[in-house]
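The block underneath contains the structure these notes are about, expressed in structure tokens.
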Amino acid sequence: MDKLEKIFSLQRQFDEDLARRRGLSYRPEVWVQKEVLAMLSELAELLDEVNFKWWKDPRPVDRQKVLEELVDLLHFFVSTCLKMGFEADDLYEAYVRKNRENFNRQEGLTAREGYKS
């Protein structure tokens, strides 16, 4: 099992345990809405860790806290994938395709507007 598969497995175990303990049962689209709201909340916490508030005196960035917020995001992101029936392989393959497309766009190898080299 590779690392991404392990993350998906651990998240599946946690999600199933949480749903059982708390008696949670939602339709997939409702789960996604809840997960997206949770990710937005975590993104706001991440922003706070990197001196987003330009009107305040900056403080040193705590890399460990940044990492914790990124992991929180990853938890909710992977949970969303699972709720929609996607597995680690699906995410990997979609990522590779999109990465290739992004490179092609930057190299002007696309019919899309705004990407001429």
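If I build a Gaussian network model for the chain, linking alpha-carbon pairs within less than 10 angstrom, which residue out of F77, F86, F103 has the largest mean-square fluctuation?
Fluctuation is largest for F103.
In deg cm²/dmol and to the nearest 500, what is the mean residue ellipticity at 222 nm of the chain if only DSSP H runs of at least 4 residues count, each as -39500 (n - 2.57), divided by the residue total? Mind showing how you got there, number by number?
Numbers: 4 runs with 82 residues, N = 117.
The per-residue figure over the chain is -24000 deg cm²/dmol.
Spelling out what I want: for every residue of the stretch 45-50, take phi, set θ = phi - 60°, compute 6.51 cos²θ - 1.76 cosθ + 1.60 (Karplus), and round to whole Hz; glycine and proline get x.
5, 5, 4, 4, 6, 10
For F14 and L74, compute 0.36 nm times the residue count separating them, minus their Cα-Cα distance, and round to one decimal in nm. Mind showing how you got there, number by number?
Numbers: separation 60, 0.36 × 60 = 21.60 nm, distance 1.32 nm.
My answer for the length gained is 20.3 nm.
Subtracting the Cα-Cα distance from 0.36 nm times the residue separation, let me have the gained length for Q106 to L67 in nm, one decimal. Write out the running numbers ahead of the final one.
Working: separation 39, 0.36 × 39 = 14.04 nm, distance 2.93 nm.
Separation in residues times 0.36 nm, less the Cα-Cα distance, equals 11.1 nm.
Using unit Cβ charges (K, R positive; D, E negative) and no other charged atoms, how large, in debye to the nearest 20, is the dipole of the chain about its Cα centre?
Details: 20 positive and 23 negative charges, 41 e Å.
Using Cβ point charges on Lys, Arg, Asp and Glu, the chain gives about 200 debye.
With loop defined by DSSP as not H, G, I, E or B, and exposure as at most 12 other Cβ atoms within 10 Å, which is the longest segment of the chain clear of exposed trypsin sites (Lys or Arg not before Pro)?
Details: sites that count: K53, K56, R112, K116.
That gives 57-111 as the longest site-free run.
Please turn the phi angles of the stretch 84-98 into ³J(HN,Hα) values with the Karplus equation 6.51 cos²θ - 1.76 cosθ + 1.60 (θ = phi - 60°), one per residue in order, whole Hz, x for glycine and proline.
So the Karplus estimates, Gly and Pro as x, are 8, x, 8, 10, 4, 4, 4, 5, 4, 5, 5, 4, 4, 4, 5 Hz.
Provide the per-residue ³J(HN,Hα) series for the stretch 29-42, in order, calculated from phi with Karplus coefficients 6.51, -1.76, 1.60 and θ = phi - 60°, each as a whole number of Hz, with x at glycine and proline positions.
With coefficients 6.51, -1.76 and 1.60, one gets 5, 6, 4, 4, 4, 5, 5, 5, 4, 5, 5, 4, 5, 5 Hz.
Please rank E35, E93, fewest neighbouring Cβ atoms within 10 Å first, as an exposure proxy.
Working: E35 21, E93 11.
Going from sparsest to densest Cβ surroundings: E93, E35.
With contacts defined as alpha carbon pairs under 8 Å and 6 or more residues apart, what's the relative contact order of the stretch 19-117 in percent? Write out the running numbers ahead of the final one.
Numbers: 54 pairs, mean separation 24.3, N = 99.
This gives 25 percent for the stretch 19-117.
What are the chymotrypsin sites (Phe, Trp or Tyr not before Pro) within the stretch 1-36 that DSSP puts in a loop, where the Cβ has at most 16 other Cβ atoms within 10 Å?
Values: sites: F8, F14, Y26, W31; in loops: Y26.
Filter output for the stretch 1-36: Y26.
Using alpha carbons only, what's the Rg to Rh ratio of the chain with Rh from Kirkwood? Before the final figure, lay out each step's value.
Details: Rg = 18.2 Å, Rh = 17.0 Å.
Checking Rg against Rh, the ratio lands at 1.07.
Under 28 Å between alpha carbons: how many lysine pairs meet that in the stretch 1-102, if sequence neighbours fewer than 8 apart on the same chain are excluded?
Pairs that pass both the separation and distance tests number 16.
Place a +1 charge on the Cβ of each Lys and Arg in the stretch 1-59 and a -1 charge on the Cβ of each Asp and Glu, then give the dipole magnitude about the Cα centre in debye, rounded to the nearest 20.
Numbers: 11 positive and 12 negative charges, 37 e Å.
Charge dipole of the stretch 1-59: 180 debye, to the nearest 20.
Got a sec? How would M1, M39 order by Cβ neighbour count within 10 Å, fewest to most? Let's see the in-between values first.
Working: M1 9, M39 18.
The fewest-first ordering by Cβ neighbours comes to M1, M39.
Bear in mind these aren't lab numbers, they're just calculated from the coordinates by the rules spelled out. This is a predicted model, so every value here is computed, not measured. Note that each Cβ is placed from the backbone with ideal geometry, even for glycine, and that neighbours are counted across all protein chains shown.
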